[in-house]
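Reading through the structure tokens given below for one structure.
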Amino acid sequence: MQRPLSTQAPVDPPPPKLRIYFLPNLLTAGNLFCGFVALTKIVEADLAGGNFQPIKVALGFILLACIFDLFDGRVARMGGVESPFGREFDSLADLISFGAAPAFLVHRVVLKDVFAGHAEWGWFIASIYLICGAFRLARFNCLAAQDAAAASKDFLGFPIPSAAGLVSSLTLLIMHINEKERTLGNWSYLLAVVLLFLSAMMVSNVRYPSFKSLGLRSTNTFFKAIIASLFLGLILVLRERILYYVLPAVFTLYLLYGFIRPRISRRMRREIEEEDDEDDDEASLPAS
């Protein structure tokens, strides 16, 4: 005897559970907090009275956000807890800390005076940096969702945290040079040009190493051990001046490395970036 067919509708499978890992997202929240504090300090600055101290504090918080951003992804990879939520949250935090904060900073300190008679040009140039940064983050997330393995190899375009770090450290250096005059002088035009150049670099097709393979388990560390030792020596020698001189040099070297990278040998690239041999076979894959 045949059993009657069931008329009950099929039950839809439950939606996938959203994974939110505590420590990596806590570091990302620290990144976002630093970006918000930087914005408040930029607003508080009394530039007409020559008080640049809040600007220095804001620059310090932007650089601190770079440190949080450096470790949140690394902690997630070390713990094997990378997630789509963490990637999206990190991009939202980056847009505030490394997009809105540097753009507003350069407008407040530089562009507002350079285009005093045409204020709309100052806002327009600052907005170009912000829009290009948002475009770069959106492109990164799309490419990472399409191919997570390839996304970990290279960055396509100059990373927005490095762009913010270069703008912030260069502003600190210029303020230190002109500290007695309490003005940026003619250097203000340099910052405007740098901001536009970094905007173009963020949406360019120039590839930059992510250095995500460099960690505690790295074995090919001879060259990097020398560089790290020299860097620690500079910290001991320069001390508080490390922010003024070394950081702009580090970010500038990273920016230039994207242009030099295709022209150096694969062996030197592996030495610098801690690449495996199979990475060269995957160089044609889409990058983040």
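The values are calculated or read from the model by the stated rules, or taken from the named source; none is laboratory data. These numbers come from a predicted model, not from an experiment. Backbone-built Cβ (ideal geometry, glycine too); neighbour counts: all protein chains shown.
Taking the conditions exactly as written (closer than 18 Å to Thr28 by Cα, at pLDDT 90 or above and not charged (D, E, K, R)), does Phe68 satisfy them or not? So Phe68 fits the description; yes.
Taking the criterion of being under 17 Å from Val167 (Cα atoms) and either in contact with a Phe, Trp or Tyr (Cβ under 7 Å, 6 or more places away or on another chain) or in a helix (DSSP H, G or I) (or both), no residue of the range 43-52 qualifies.
Within the span defined as the range 104-116, one or more residues are within 18 Å of Thr171 (Cβ to Cβ), modelled with pLDDT of 85 or more and of a type in the set (A, V, I, L, M).
Taken together, Leu216, Leu190 contain a single residue that is over 16 Å from Phe140 (Cβ atoms), at pLDDT below 85 and in a helix (DSSP H, G or I), which is Leu190.
Contact annotation: residue pairs with Cβ atoms under 7 Å, 6 or more positions apart or on different chains, pairing a residue in the range 253-280 that is farther than 23 Å from Leu198 by Cα and among the charged types (D, E, K, R) with a partner that is modelled with pLDDT of 75 or more and surrounded by 11 or more Cβ atoms within 10 Å (Cβ to Cβ), are Arg269/Arg261; Glu275/Arg269; Asp280/Arg266. When the range 64-83 is filtered for residues that are aliphatic (A, V, I, L, M) and not in a helix (DSSP H, G or I), only Val81 remains. Output yes when any residue across the range 46-65 is surrounded by fewer than 17 Cβ atoms within 10 Å (Cβ to Cβ) and either at positive phi or in contact with a Ser or Thr (Cβ under 8 Å, 6 or more places away or on another chain) (or both), and no when none is. Looking through the range 46-65, at least one residue is surrounded by fewer than 17 Cβ atoms within 10 Å (Cβ to Cβ) and either at positive phi or in contact with a Ser or Thr (Cβ under 8 Å, 6 or more places away or on another chain) (or both).
Across the range 53-81, what is the number of residues that are closer than 18 Å to Phe98 by Cα, of a type in the set (Val, Ile, Thr) and in contact with a helix residue (DSSP H, G or I) (Cβ under 8 Å, 6 or more places away or on another chain)?
Qualifying residue count for the region: 3.
Can you find a residue in the range 110-123 that is of a type in the set (A, V, I, L, M, F, W, C), without any contact (Cβ under 8 Å) to a residue 12 or more places away in the chain and touching a Leu at 6+ places or on another chain (Cβ under 8 Å)?
yes
Would you confirm whether any residue within the range 69-92 is under 27 Å from Phe197 (Cβ atoms), touching a Cys at 6+ places or on another chain (Cβ under 7 Å) and in contact (Cβ under 8 Å) with a residue 24 or more places away in the chain? No.
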